[in-house]
Amino acid sequence: MLFDGTLPDVQLNHAQRELTVKIVYYGPGLSGKTTNLQMIHQRTQPDVRGRLLTVETHDDRTLFFDLLPVFFSTAAGFKVKVKLFTVPGQVIHNATRRIVLQGADAVAFIADSRRSASAENNSYWKNLNENMRENGLDPAQVPIVIQFNKRDLPDTRSDAEIEEARKKGKEPVVGAIAIRGIGVLETLFAVLQSAFRSLDARAGLTKNIQLTEKEFLTQVFQNIDTSGTELERLFPPRVKPL
Amino acid sequence: MRQGESVLQRRISLGELLDGESFTDVVKGFVELYKVGIKVFDDKGAKLADIKVGNGDFCGYVFSFPEGRRRCTATVSRVKDGPLGLSHGARLPVIDSDDQARAKGMVTVPCFTGLRYILLPILWEGDTLGRVVFGPFQPEDLKDFPPPSLKEISEGFDTANATRFVEKVRRAPETTIARVLLHFARLMQTMIFAGQKMFLTTQLHIEATLEQNRDLEERNKKLEEMNQKLKDLDRLKSAFLATVSHELRTPLTSIIGYSEMLAEGLAGPLNGEQVDYVRTIMDKGETLLKLISSILDISQIEAGKVRLSFEPMDPFELVNSSVSSLKPQAQKKGVTLETKLPPRPFQSTGDRDRLRQVVTNLLTNAVKFTPKGGTVRVLLSELTHQPDLNTQGFRVIVEDSGVGIPADQFDKIFQSFYQVDSSSTREYGGAGIGLAIVKSFVEGHGGVVRVASEVGRGSRFTLILPALPSTQAQVNITPPVTAIQAPADDRF
Ligand SMILES: Nc1ncnc2c1ncn2[C@@H]1O[C@H](COP(=O)(O)OP(=O)(O)OP(=O)(O)O)[C@@H](O)[C@H]1O
Ligand SMILES: Nc1nc2c(ncn2[C@@H]2O[C@H](COP(=O)(O)OP(=O)(O)O)[C@@H](O)[C@H]2O)c(=O)[nH]1
Ligand SMILES: [Mg+2]
Ligand SMILES: [Mg+2]
């Protein structure tokens, strides 16, 4: 986290009054991490987001990372940047995964819901925990949200099985079909909410920069087209100019 | 742990985002095309590009007057370091209505000479990374040249000269210049995006490589430590086994000795049943003693404490004495024991006792794993050149018609404590040490041991031994491999 004066970081220029929230989309290769970012990018107003930076190999595999920045200013005049990263999924890129994971404020773990993918999911889950520790992040302190993606495919886990998986841990669990945009914003909401709560507990955002959870989430989601998602009622999509 | 913070964690300056050389080229091309100078500064005021066109003579002339120089310097510092807001002489530019939305942050700064600049902040992901200074240009609405603010700088100011110079400065309506600047701004966005991608990927590539190296080094260190620990443990284990074996052997020898005395009636006559019991004690005691001896052997070997003592020996005698020691067992079991020796006796060098143990172990196995009615055959070759050893030597072959060994077990059976059937319900006794001792002693002689077998048909063990072992040959053995399984920790 980069926050006005609490950490000795060049970016924490007091005059800049700036907060950076880093979210990392983690998970096995081809589980749908890049797709999640593409969907968010598509639905976000161009004036509050940067371009989607992706670095891919010739066969569409993420080589280093994807990055989508979303930014806004709070009512109290604080600049907030939300940086969404994905990690490369292939096993050989573990060093890169660890670098991208550095300083994450929350993690969205994108799992492939197919039963046949359980072993891979487990091994990347373990890898996430190892890399967090290597980076000096306490896995118990950094919130994680699990997305069960690709629920449209045959062999996907049933609702009951996902319910089972949810009970195995404390992480919020969201079902998704990322290519159709289903569950993508819900996952983003859950991960931003957990990130905010954890930052607030550690750095007192409400007290120190007068940024409440409600404002934080509203500032982001009022600029995202929530139509057709579960967030529609919370953040009604703006009427698009003709 | 990790050193250094990733480039992903810090703010990147405009200079890092723009590839210096190609950026300058693009700016140059742009300036040549539109005939208006461009300067680009980052948010700290560092100059990233400065391409001039047309205004050199005019500004040089103005600059030659002290007051001109003073006013000029003030204007330059206004456009370079002054606020990007509407203060300090800046005003909103005159622009076409359809450009308005995109012209966010653009301001016009007039020069005292009547020329003009337009400034544009470089916005990127919500940050102001720097500014573009466009100009000076000669606004079309400039009517009375020179304006008083220019003329007054000196009594010696020559209007005709100045007019001639100012003609070389691009003249255009402010709206046109503003539109060109917007065009440039779009170009900048593209260049920054491409530059950012390139910068981040190169940096990350370097970071990932360093991280990978660090990781490898750490792993190597851990492996080394683990290896050392395993070695220490192994030594401890061997020392422990040696001590225990010794402590068991001493009392066991007494048990056997006293039983023998009892059986022979040295303590008074025994009846038939009593003799039977005492003989059973003796037999089981002997079996136990053998087992303890082989455990002691293997632990001595593994502890590296075994020194072979080479002396002249007779291979005929080696085979014959081993066979005769197995004869009672074979007879009892109903297994035929055959020996085939070469026509002429020959001499060799080796550790007689250890080699006898080797052949005996092979024979014990052969008899043990061959059912009643089967055959065990021992063959001794002549002394000839052995291609496998590349020296003179001989072979001892122990063949049986027994249960055989699956091919995928050929390597493993030579590891200590390994048995093809290691279940508690297995048919054959033993601890799985015999072949480990064989391998170690044979290799200690600089020889090799081979196995060939077919399940259900029988097995053949071949020893190839040199006639004259080199004294350098070291006793070494492959320790048994233990598979370690990580505990499951599944979330999915
Ligand atoms: N001639 C053979 N026929 C079939 N299997 C054999 C033969 N020789 C060895 N084996 C297999 O190899 C294993 C290892 O042999 P080894 O002599 O090392 O141990 P052991 O005979 O079981 O016990 P020990 O020799 O310590 O009394 C045996 O348990 C057996 O499974
Ligand atoms: N059927 C199906 N395919 C998906 C879904 N989400 C992503 N994909 C596809 O899975 C492949 C890998 O996705 P990508 O986002 O590149 O995976 P990443 O390696 O995790 O970044 C692509 O072909 C996507 O179109 C989904 O919900 N259902
Ligand atoms: Mg990807
Ligand atoms: Mg044996």
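Rg/Rh, computed from the Cα trace of the protein assembly as shown with Rh as the Kirkwood radius, has the value 1.27. The distance separating the Cα centre of region B:85-140 from that of region A:143-215 comes to 44 Å. In percent, rounded to a whole number, the relative contact order of region B:9-209 is 25, using alpha-carbon pairs under 8 Å and six or more apart. Restricting the calculation to Cα atoms, region A:69-159 shows an Rg/Rh of 1.05 when the hydrodynamic-style radius is the Kirkwood one.
Applying the criteria of a DSSP loop state and at most 12 other Cβ atoms within 10 Å to the trypsin sites (Lys or Arg not before Pro) of region B:136-221 yields B:143. The distance linking region B:338-363 with region B:377-429 is 15 Å (Cα centroid to Cα centroid, whole angstrom). The aspartates and glutamates within cross-link reach of residue B:412, meaning a Cα-to-Cα straight distance under 13 Å and a gap of 8 or more places when in the same chain, are B:421. In region B:233-283, what chymotrypsin sites (Phe, Trp or Tyr not before Pro) fall in a loop by DSSP, with at most 12 other Cβ atoms inside 10 Å? In loop regions of region B:233-283 (DSSP not H, G, I, E or B), there are no sparsely surrounded chymotrypsin sites (Phe, Trp or Tyr not before Pro).
Between the beta carbons of residue A:233 and residue B:247, assuming R0 = 56 Å, the FRET efficiency works out to 0.10 to the nearest 0.05. Based on alpha carbons, the Rg and Dmax found for region B:9-209 are 18.3, 68 Å.
Over chain B, all Cα pairs binned in 10 Å intervals from 0 give whole-percent P(r) values of 3, 13, 16, 11, 7, 5, 5, 6, 7, 9, 9, 6, 3, 1, 0, 0, listed from short to long. Take the residue pairs A:170/B:231; A:170/A:214; A:170/B:222; B:237/B:340 and return only those whose Cα atoms are more than 31 Å apart. Too far apart for the 31 Å limit: A:170/B:231; A:170/B:222; B:237/B:340.
Pairs spanning more than 18 Å between alpha-carbon atoms, out of A:81/A:150; B:332/B:372; A:83/B:47: A:81/A:150; A:83/B:47. Here's how it looks for residue B:455: its modeled amide H is under 5 Å from those of B:405, which are all 5 or more places away or on a different chain. The Rg/Rh ratio for region A:12-221, using Cα coordinates for both the radius of gyration and the Kirkwood hydrodynamic radius, is 0.96. Per residue of A:94-106, other chain Cβ atoms within 10 Å of the residue Cβ number 5 on average.
Residue exposure proxy: B:111, B:59, B:72, ordered by other Cβ atoms within 10 angstrom of their Cβ from fewest to most, comes out as B:72, B:59, B:111. Less than 5 angstrom separates the built amide H of residue A:26 from those of A:108, A:109, A:110, all sequence-distant by 5 or more or on a different chain.
Each of B:247, A:18 was scored by other Cβ atoms within 10 Å of its Cβ. Arranged with the fewest first, they read B:247, A:18.
Note on residue B:448 and residue B:427: the extension gain reaches 4.6 nm, defined as 0.36 nm multiplied by sequence separation minus the Cα-Cα distance. Ignoring aspartates and glutamates fewer than eight residues from residue B:284 along the same chain, the ones with Cα atoms less than 16 angstrom from its Cα are B:260, B:276.
The numbers here are math on the coordinates, done by the rules we state, and not lab data. For clarity, every value in this text was computed on a predicted model and none was experimentally measured. Counting neighbours? That spans all protein chains shown, and the Cβs are built from the backbone with ideal geometry, glycine included.
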